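All remarks here apply to the structure that follows.
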Amino acid sequence: MPKQKIVIGILANAGGVGKTTLAVHLAYEICKRGQTVALIDLDPQRALDVFCGLPSAEIENSVVRVFGKDFDGNWPLVSAWGNSNIEVCQGHPNMAQVGNDLVIRRRGEYVLADRLKSYPLRHDVIILDCPATIGIICENAIAASTGLLVPIQLEMKSVSGVADLVQWLIGIADDLMLDPHPPILGLIPSLYDNSRAIHRQYLQQLPEVAEQLRVKLYPQIRDSSEFKNASANGLPLQKYRPAHPACKDFKTIADDLVTLVRKGKL
């Protein structure tokens, strides 16, 4: 059975919840399983540059070009970590202005989906690293995605707001008349510190929350200073410290995504 390309949007309702950490380490794990991956940075903060060890891109060599009305299908992609099977479409601070422009643009919510349809990428898996602020750039990600992942930080604001975020995602899919809706593939507890009682408490509550929302709950991704050390060196943890136990935290999600690709179910 032929493999089917999937587009995964990583969205959250706040910054600092580990979206880019998840995007980068998932990309690396998926590539290890024989798939090609494109990382598209939709966040004006362009954290992917740091995590992938890339110099900042000029505006014409960034994702801003993809959203331009005169885009000709020449995707501005660069290899990550010298691996041609993982490529990055770099972000740019001007994405904030792009968001403002899209509000009054015809089919403004569908630009990214239209680009991926008219000028498809060669990659098996496309991962969208979305901005922390909910708006039309995130709506573009939802419209372009075949599945969504939602990292959750184990603190009151994130846990209590996850139901609202899920309802917002469903509502946007309704408003955009997406058929089918991109399913929420799972909630992912992130930055988990087992030594903190509050983290253990919230982690115990999440299975019930996920069951009420009818969304899968993935195993937690631990908090570790080694993630920061790895990103400071422009590397994923799997390359920086391959024996570190946190490297295994992404295995279940990566396995699920690769299975979906191979079975053509998404």
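The values are calculated or read from the model by the stated rules, or taken from the named source; none is laboratory data. Just so we're clear, the structure is a prediction, and the values are computed from it rather than from any experiment. Every residue, glycine among them, receives a Cβ derived from its backbone with ideal geometry; neighbour counts consider all protein chains shown.
Here are some notes:
- Within region 8-16, one or more residues are buried (at least 20 other Cβ atoms within 10 Å of the Cβ), in contact with a Gly (Cβ under 7 Å, 6 or more places away or on another chain), modelled with pLDDT of 95 or more and under 16 Å from Ala254 (Cα atoms).
- Every test in (1) more than 19 Å from the chain's Cα centre (by Cα); (2) at negative phi is passed by Gly264 save one, and that test is (2).
- Of the residues making up region 142-158, those that are modelled with pLDDT under 95, outside any strand (DSSP E or B) and out of contact with any helix residue (DSSP H, G or I) (no Cβ under 6 Å at 6 or more places or on another chain) number 4.
- The criterion of at least 1 residues that are among the hydroxyl-bearing types (Ser, Thr, Tyr) is met by the following helices (runs of 4 or more DSSP H) wholly inside region 12-68: 19-32.
- Condition check for Val166: farther than 28 Å from Ile126 by Cβ and part of a helix (DSSP H, G or I): no
- Among the residues of region 111-126, the one identified as among the basic types (Lys, Arg) and free of Cβ contacts under 8 Å to residues at least 12 places away in the same chain is Lys117.
- Any hit, region 119-126, residues being touching a Gly at 6+ places or on another chain (Cβ under 7 Å), surrounded by fewer than 18 Cβ atoms within 10 Å (Cβ to Cβ) and more than 19 Å from Ile172 (Cβ to Cβ): yes
- Pairs where the first residue, in region 205-219, is over 13 Å from Ser160 (Cα atoms) and the second is among the polar types (S, T, N, Q) and assigned to a helix (DSSP H, G or I), C-beta under 8 Å, 6+ apart: Tyr218/Thr252; Pro219/Thr252
- Leading residue by the ranking (nearest to Ile6 (Cα to Cα)) among those in region 191-205 that are surrounded by 17 or more Cβ atoms within 10 Å (Cβ to Cβ) and touching a helix residue (DSSP H, G or I) at 6+ places or on another chain (Cβ under 7 Å): Tyr192
- Hey, Ser62 hydroxyl-bearing (Ser, Thr, Tyr) and without any contact (Cβ under 8 Å) to a residue 12 or more places away in the chain or not: no
- Residues of region 60-83 classified as among the basic types (Lys, Arg) and under 18 Å from the mean Cα position of the chain (by Cα), total: 0
- Hits in region 102-141 (condition: in contact with an Asp or Glu (Cβ under 9 Å, 6 or more places away or on another chain), in a helix (DSSP H, G or I) and among the charged types (D, E, K, R)): Glu109, Glu139
- The single condition among (1) outside any helix (DSSP H, G or I); (2) closer than 21 Å to Ala141 by Cα; (3) free of Cβ contacts under 8 Å to residues at least 40 places away in the same chain that Pro242 does not satisfy is (2).
- Candidates Gly171, Gly99, Gly186, Gly161 - the one that is surrounded by 17 or more Cβ atoms within 10 Å (Cβ to Cβ) and either without any contact (Cβ under 8 Å) to a residue 24 or more places away in the chain or assigned to a helix (DSSP H, G or I) (or both): Gly99
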